[in-house]
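Asker: The structure follows.
Every number here is computed from the coordinates shown, using simple stated rules; none is lab data. Note that the coordinates shown come from a computational prediction; the quantities given were computed from them, not determined experimentally. In this analysis, Cβ positions are derived from the backbone assuming ideal geometry, glycine residues included, and neighbour counts consider all displayed protein chains.
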Amino acid sequence: MKNPKVSIIIPHWNGIDILSECLESLLQTDYHNLEIIVVDNASTDGSPDLISLNFPQVKLLENSQNYGYAGGCNRGAEIADGDYIVFLNNDTIQDSKWISPLVDFLNLNPKVAAVQPKILNFYDREKFDYAGAAGGWLDILGFPFARGRVFNDQEKDKGQYNKIRPVFWTSGTAFMIRKFDFESAGRFDESFFAHQEEIDLCWRLHLMDKETWAIPSSVVFHKNGATLPMFSRKKQYLNHRNSLQMILSNYSLPLTLYIFPIRFTLELVALVYSFIRMDLNHAIGIIQSLLWIVSHPFSIWKRRKQIKQIRIVKDKKVLPWLYWGSVVFDYYIRGKKHSANIIKE
């Protein structure tokens, strides 16, 4: 396909100003076979009226309740006409030439299911953004990091990650995926609501013997934390809970039984550390996530069953895509603050 139709799906809940800036930026995109879909998750600030009045070319889907990032994106994909779908945060500004490199790479590489741009911080454009940076990695214990960002350390962009390369996950801040692959993988898991649902989706793509890549010639700027504050209790809860869900359901049973006790021990260490630092939001978020896991065994069993149905390859085929080590140990004990010191470029 020379110029396939691309559907850009923006899940949205409140924040008229950031949405307006995002849409204004999108209208400057130089790729023309494009449709823009805003999925409004029951905003209360008049966002739907703003779209209807000022952006008539945008397709608006109004939900009766807040389905979160995962549910909003799924509903947007249902009405998308494009062969390729872009899932995009509403707090982004895009380079005008950002779409074509993503489309070109998918056109040339049929085994690649998803690609992401380089994501830089909107407020400090020399620095990689927290959410995705130049492509995501995951260690075997389920802790995510990215090229250009390890935990809260964000590197300056000096061209060190300008090489196109495979990654384990593409950031939900902005990534393009073939619609067929998105549907085949089972779409986003709506039980995640928000945070790490894209990592879970990419993990399932790898189990289907598909690939995910980072394309740094495409650039997006992100206002990280504009929708949900970075250190809020809800965000801490969702990050821990969703990460634990993946460990318990995406690995084969033998690996789950081996890895989960180690990860659970690290959760307890993080809990104690949070109390020592008097970081109650983090501590309560961890406790809530552990309580959810303990009280939802059927949900985890159901996820394992669904993933087994789409799995094509065994874990040994997927493990090379993971970092076979602990990013927590490397960062806090060995002092490796840059991803290039952990994953060789």
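Asker: Under the definition of Cα pairs under 8 Å and six or more residues apart, what whole-number percent is the relative contact order of the stretch 58-170?
Answerer: So the answer I get is 16 percent.
Asker: For an R0 of 25 angstrom, estimate the FRET efficiency from the Cβ-Cβ distance between Asp45 and Ser295 and round to the nearest 0.05.
Answerer: Calculated value: 0.15.
Asker: Using a Förster distance of 56 Å, how high is the FRET efficiency between Lys314 and Asp17, based on the Cβ-Cβ distance and rounded to 0.05?
Answerer: Once rounded, the FRET efficiency stands at 0.70.
Asker: By Kyte-Doolittle mean hydropathy of at least 1.6 and Cα axial length of at least 27 Å, which whole DSSP H helices of the chain are selected?
Answerer: Once both thresholds are applied, what remains is 253-276.
Asker: Counting only other residues whose beta carbon sits under 10 Å from that of Phe329, what net charge do I get with K and R as +1, D and E as -1?
Answerer: Every neighbour counted, the sum reads 0.
Asker: Looking at the chain only, what percent of DSSP beta bridges run antiparallel? Nearest 5 please.
Answerer: 45
Asker: Two decimals, Cα atoms only, Kirkwood Rh: what is Rg/Rh over the chain?
Answerer: Over the Cα atoms of the chain, Rg/Rh equals 0.94.
Asker: Around Lys223, what is the net charge, scoring Lys/Arg as +1 and Asp/Glu as -1 over all other residues with Cβ under 12 Å from its Cβ?
Answerer: Charge balance in the 12 Å sphere: -4.
Asker: Once fully extended, how much extra length lies between Glu24 and Arg165, figured as 0.36 nm per residue of separation less the alpha-carbon to alpha-carbon distance?
Answerer: 47.7 nm
Asker: What share of all Cα pairs of the stretch 158-305, in percent, falls into each consecutive 5 Å distance bin?
Answerer: 2, 8, 15, 19, 18, 17, 13, 7, 2, 0
Asker: So what is the orientation-averaged projected area of the stretch 233-313, using the convex hull of its C-alpha atoms, in nm²?
Answerer: 5.5
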